[in-house]
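Take a look at the structure below.
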Amino acid sequence: MDEPARFYAIEGVDGCGKTSVVSHLVEHLNSTGRPAIMTREPGGTPQGEKIRSLILSGADDAWDQHSELLLMTAARVEHVRRVILPALASGSSVVSDRYVGSTIAYQGAGRGVPEDFIRLLHRVAVGDIWPDLVIVLDLDPRIGLARSKGRLSASAVDEGRFETLDLEFHRRIRQSYLDQASADPQRHVVVDATGDPEQVRRRVIDAVEDWHRRRS
């Protein structure tokens, strides 16, 4: 298929199944002749992975909300410069497990940092680079938290800092994603993330292909 490289971001509450969907979407794109790579935030680069370990581990009071935002943004600057833009320039699509929508949701709606400030910082530091398509996996955060805590416990990975926060925090996250999608429907699709994982992956592929068809 002779299509331009695209930048996709998969967003949603903790435990909504993003990682599985990212992998499946990359596999689908590659199998249909559209080269694609997978990446994640925070992370994606050696610098970003170090910041990831700082942000996602330890006690919740380890960072002020503004420090947390600046760390997230620093990781994103490296990610965009070293991974996302080079891949797109080479003709490869990028599928990222989280991007700036998560910052608007977690540090904005969750922590209370003004969204206008987050968007200004993104524009100045990152260069106002936004995904072509954001897929929001919508799930009741109560279900997502149970899944995420179970996964972290089974894997013994110390990345559960946000999972320690109360349910109301995670409900604000979910609502922020829905609000972002409502405010920019051309760039967002909301996919029901309940049910069997294979069903969710199929919904995502269908939504992505429908989005492509509407732009062809």
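Model label sites at GLU209 and ASP192, defined 7 Å from Cα along the beta-carbon direction, differ in position by 1.9 nm. Residue-wise HN-Hα couplings along region 116-125, as the Karplus relation 6.51 cos²θ - 1.76 cosθ + 1.60 with θ = phi - 60° gives them from phi, are 4, 5, 4, 5, 5, 4, 4, 5, 6, 7 Hz; Gly and Pro carry x. With every protein chain in place and a 1.4 angstrom probe, the accessible-area ranking of THR194, THR45, largest first, reads THR194, THR45.
On the basis of the beta-carbon distance and an R0 of 41 Å, GLU49 and LEU167 show a calculated FRET efficiency of 0.90. With only Cα atoms counted, region 1-124 has Rg and Dmax values of 15.1, 49 Å.
Measuring between their Cα centroids, region 2-23 and region 94-132 lie 16 Å from each other. Please say if region 1-64 is rounded, prolate or oblate, where rounded means a/c under 1.5 for a ≥ b ≥ c the square roots of the C-alpha gyration tensor eigenvalues, and otherwise the choice is prolate for a/b larger than b/c and oblate otherwise? Verdict is prolate for region 1-64. Once you order the gyration tensor axes a ≥ b ≥ c over the Cα atoms, which shape class does region 100-140 get: rounded for a/c under 1.5, otherwise prolate or oblate by comparing a/b with b/c? Here region 100-140 falls in the oblate category. The value given for region 79-155 is a Kirkwood hydrodynamic radius of 14.7 Å, derived from the mean inverse Cα-Cα separation.
Modelled label positions at ASP64 and GLN199, each set 7 Å beyond Cα in the direction of Cβ, lie 4.7 nm from each other. Mean separation of Cα pairs under 8 Å and 6 or more residues apart, divided by the residue count, gives the chain a relative contact order of 31 percent.
Counting DSSP beta bridges with both partners in the chain, what percentage is antiparallel, nearest 5? Here the share of antiparallel DSSP bridges comes out near 0 percent. Working note: Cα atoms of the chain, range along each principal axis, descending, whole Å: 49, 39, 34. Helical content alone sets the calculated 222 nm signal of the chain at -15500 deg cm²/dmol, taking -39,500 (n - 2.57) per DSSP H segment of four or more residues and averaging over every residue.
The values are calculated or read from the model by the stated rules, or taken from the named source; none is laboratory data. All figures in this text were calculated on a predicted structure; none of them were measured in a lab. Methodologically, a virtual Cβ is constructed for each residue, glycine included, from the backbone with ideal geometry; neighbour enumeration extends over all protein chains shown. What goes into the accessible areas is simple: the full protein's heavy atoms, side chains included, and nothing from ligands, DNA or RNA. Shrake-Rupley method; radii C 1.70, N 1.55, O 1.52, S 1.80 Å.
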